[in-house]
1. With at pLDDT 95 or above and under 14 Å from residue 144 (Cα atoms) as the only criterion, which of 200, 215 stands out?
2. Just one of the numbered conditions (1) farther than 16 Å from residue 145 by Cβ; (2) surrounded by 18 or more Cβ atoms within 10 Å (Cβ to Cβ); (3) within 16 Å of the chain's Cα centre (by Cα) is not true of residue 96; which one?
3. For the stretch 154-172, which residues satisfy the criterion of being surrounded by 20 or more Cβ atoms within 10 Å (Cβ to Cβ), within 16 Å of residue 95 (Cβ to Cβ) and either aliphatic (A, V, I, L, M) or not assigned by TED's automatic domain parsing to the domain that holds residue 132 (or both)?
4. Just checking, does the stretch 205-227 include any residue being of a type in the set (S, T, N, Q) and exposed (fewer than 14 other Cβ atoms within 10 Å of the Cβ)?
5. Looking only at the stretch 124-150, how many residues end up being within 27 Å of residue 204 (Cβ to Cβ) and assigned to a loop (DSSP other than H, G, I, E, B)?
6. Exactly one of (1) assigned to a strand (DSSP E or B); (2) farther than 22 Å from residue 86 by Cα; (3) within 17 Å of the chain's Cα centre (by Cα) is unmet by residue 249. Its number?
7. Spot the failing condition for residue 179; the list is (1) more than 30 Å from residue 153 (Cβ to Cβ); (2) not assigned by TED's automatic domain parsing to the domain that holds residue 99, and only one is missed.
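The values are calculated or read from the model by the stated rules, or taken from the named source; none is laboratory data. The shown structure was predicted, so the numbers you read here are calculated from the model rather than taken from an experiment. Every residue, glycine among them, receives a Cβ derived from its backbone with ideal geometry; neighbour counts consider all protein chains shown.
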Amino acid sequence: MTDIAIIGGGPAGLSAAINARIRNKTVLLVTNDYKDSYLAKAERVDNYLGLPGLGGQELMEQFRKHAESQGVEEVNKRVISVMPMGESFFLSYESEVAEAKTIILTTGVVPAGKLPGEGEFLGKGVSYCATCDGMLYRGRKVVVVGKSADAVEEANYLHEIGCQVTFVADKEGTRGLAEGVELVTAKRLEIRGDKAAEALIADGREIPADGIFILRQAISPQDIMQGIQVENGSIVTNKRMETSIPGVFAAGDCTGRPYQIAKAVGEGQVAALYAAEYIDKMKKEN
């Protein structure tokens, strides 16, 4: 079992990981490819203390090297859910699971707004993970809504296992789709069905489907962890970066404005220190 699982590998997540390791805690960092982050795409960063004028990707590489030097274990996958299990938590990331004593959410800003029908049919024909649920739809019609860098790869995987795949994107020119995967370009999307999802409506066109995979770069904290308190799209925390769920902490952009590197790094440190304190307290009580 890992001491601290950190979801998100931006400045807040890496800061939390480094400080957790300094406190001699084991760390599992689960994150998307950092090159797809907003920071990595920044041309120049001038307001981070002591390191002015670096490009966003260069700054991220410095952060990551520091974390690697502390022995931080990194897994490049998308977290689907976190479930409390008494005195620990189970993480599901694509087709794998892990157990941790505490959780630190550093998911950044997740674009707001679900598709109409998405929440209603989640788990009833709507999925966020093709690798996890793809085999359930073998030989059946599926739609992939591509909003992440790996969406084409996931669509091709579904095609390989025998699904009839339609790939829906909001722009033309999607590269790498396997032959036999239909590409539909549309911006206005809606999921319809009765007791389960039955079709995606794409700019007024109905695309019948047994399964609809919505592949975003990240999943909102409320969907990852049911019951966590959120206000205006941000996770509610106290000064110790504790959330409404005992043993779960949050840091960085996911806790609200200002969206600045210095804030994220500081909150990541605070979250790690109090997560370590939480673990030590649990040991004494047991």
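1. Exactly one residue qualifies, and that residue is 200.
2. (2)
3. Answer for the stretch 154-172, where residues must be surrounded by 20 or more Cβ atoms within 10 Å (Cβ to Cβ), within 16 Å of residue 95 (Cβ to Cβ) and either aliphatic (A, V, I, L, M) or not assigned by TED's automatic domain parsing to the domain that holds residue 132 (or both): just 158.
4. Yes, because at least one residue in the stretch 205-227 is of a type in the set (S, T, N, Q) and exposed (fewer than 14 other Cβ atoms within 10 Å of the Cβ).
5. Here the count works out to 5.
6. Unmet condition: (2).
7. So the condition that residue 179 fails would be (1).
Listed here are the residues, each with its yes/no results for (1) assigned by TED's automatic domain parsing to the domain that holds residue 19; (2) buried (at least 17 other Cβ atoms within 10 Å of the Cβ); (3) in contact (Cβ under 8 Å) with a residue 40 or more places away in the chain; (4) touching a Phe, Trp or Tyr at 6+ places or on another chain (Cβ under 8 Å).
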{"position": "61", "(1), (2), (3), (4)": "yes, no, no, no"}
{"position": "66", "(1), (2), (3), (4)": "yes, no, yes, no"}
{"position": "74", "(1), (2), (3), (4)": "yes, yes, yes, no"}
{"position": "80", "(1), (2), (3), (4)": "yes, yes, yes, yes"}
{"position": "105", "(1), (2), (3), (4)": "yes, yes, yes, yes"}
